[in-house]
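First up is the structure itself, then whatever we jot down about it.
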Amino acid sequence: MIAIIDYDAGNIKSVEKALDFLGQDVVITGEPEKILKADKVILPGVGAFGDAMANLRRTGLDEVIRQAAGRGTPFLGICLGLQLLFERSDEAPGVEGLGILKGEILRIPDKEGLKIPHMGWNSLYLENNGRLFRGVKEGAYVYFVHSYYLKAAEESIVKASTEYSVHIHASVEKDNIFACQFHPEKSSDVGISILKNFVEL
């Protein structure tokens with residue numbers, strides 16, 4: 001069973017729909033017992049870093065996430081879910097992230113001819129043999145919606161990157177923790193392949 005964490009951060013239904021397509025048993029929940037019993041856990045989300053961390057702390061889900069991650073359960077953060085796994089974000093100065101992974105979330109720098117938020121399809125540069133990208137071709141296009149980007153402290157955990165005004169760490173993997181800045185559930189066949197690799201771990 002795959003638990004999708006519900007913490008009022010949106011974008012949950014499209015993730016559920018993609019997993020249904022893959023024939024997975026899915027539950028959307030904010031209940032600690034269900035999250036901790038799940039075979040795999042997904043933290044999706046769109047919205048603001050500060051609001052999301054406040055919601056997680058208010059409900060105690062921040063500690064549940066750390067517990068699930070610490071016990072080796074395969075864990076996938078998507079979009080805002082990726083950002084929350086790190087230490088801090090320019091979007092909410094002074095607000096601590098979950099700190100499960102080392103690194104920070106920075107604002108995409110303004111650049112002439114580029115719109116922020118970055119909304120649309122960008123190609124991925126694959127590196128360091130990421131398990132989510134098994135069978136995915138170099139340069140595959142995926143769908144992004146974000147104004148802030150990840151700069152991971154450890155280059156070795158970066159499994160895919162992209163360029164949009166700046167070099168963006170687009171996906172990371174460390175032990176049982178996986179995360180994508182882009183939306184695999186909105187990235188057509190490539191995204192379904194990535195989610196399939198996750199559910200088959």
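The values are calculated or read from the model by the stated rules, or taken from the named source; none is laboratory data. The shown structure was predicted, so the numbers you read here are calculated from the model rather than taken from an experiment. Virtual Cβ from ideal backbone geometry, glycine too; neighbours counted across all protein chains shown. Surface areas here come from the heavy atoms of the whole protein model, side chains and all, with no ligands, DNA or RNA. Shrake-Rupley method; radii C 1.70, N 1.55, O 1.52, S 1.80 Å.
Brief remarks on what is shown
- Residue in the stretch 177-185 that is in a strand (DSSP E or B) and within 18 Å of LYS111 (Cβ to Cβ) present: no
- Scanning the stretch 13-51 for residues that are within 12 Å of LEU195 (Cβ to Cβ), within 16 Å of the chain's Cα centre (by Cα) and not charged (D, E, K, R) returns SER14, VAL15, ALA18, LEU19, ILE42, PRO44.
- Hey, GLY97 at positive phi and not polar (S, T, N, Q) or not: no
- Screening GLY10, GLY81 for residues that are under 15 Å from the mean Cα position of the chain (by Cα), closer than 24 Å to LEU132 by Cβ and either at pLDDT below 95 or open to solvent by 60 Å² or more (accessible area, probe 1.4 Å) (or both) leaves exactly one candidate, GLY10.
- Restricting the stretch 156-168 to residues that are open to solvent by 10 Å² or more (accessible area, probe 1.4 Å) and in a strand (DSSP E or B), the residue that is nearest to GLU138 (Cα to Cα): LYS159
- For the stretch 69-127, a tally of residues being among the hydroxyl-bearing types (Ser, Thr, Tyr) and in contact with a Ser or Thr (Cβ under 6 Å, 6 or more places away or on another chain) returns 1.
- Condition check for GLU185 on (1) farther than 24 Å from GLU87 by Cα; (2) charged (D, E, K, R); (3) loosely packed, with under 13 Cβ neighbours inside 10 Å: one failure, at (3).
- From the list VAL95, VAL41, VAL46, the one residue that fits, being at pLDDT 95 or above, in contact with a strand residue (DSSP E or B) (Cβ under 8 Å, 6 or more places away or on another chain), open to solvent by 30 Å² or more (accessible area, probe 1.4 Å) and not small (Gly, Ala, Ser), is VAL95.
- Residue list for the stretch 1-45, restricted to those being assigned to a helix (DSSP H, G or I), within 14 Å of LEU56 (Cβ to Cβ) and in contact (Cβ under 8 Å) with a residue 40 or more places away in the chain: none
- For the stretch 128-144, the candidate set comprises residues that are among the small types (Gly, Ala, Ser) and open to solvent by less than 20 Å² (accessible area, probe 1.4 Å); within that set, the residue that is nearest to PRO184 (Cα to Cα) is ALA140.
- Odd one out for MET53 among (1) open to solvent by 10 Å² or more (accessible area, probe 1.4 Å); (2) farther than 21 Å from LEU132 by Cβ: (1)
- Restricted to the stretch 107-127, and to residues there that are aliphatic (A, V, I, L, M) and closer than 17 Å to VAL190 by Cβ, the residue that is least open to solvent (accessible area, probe 1.4 Å) is LEU124.
- When ILE100 is tested against (1) open to solvent by less than 10 Å² (accessible area, probe 1.4 Å); (2) under 16 Å from the mean Cα position of the chain (by Cα), just one condition goes unmet, and that condition is (1).
- Any hit, the stretch 63-77, residues being under 14 Å from the mean Cα position of the chain (by Cα), of a type outside the set (A, V, I, L, M, F, W, C) and modelled with pLDDT of 95 or more: yes
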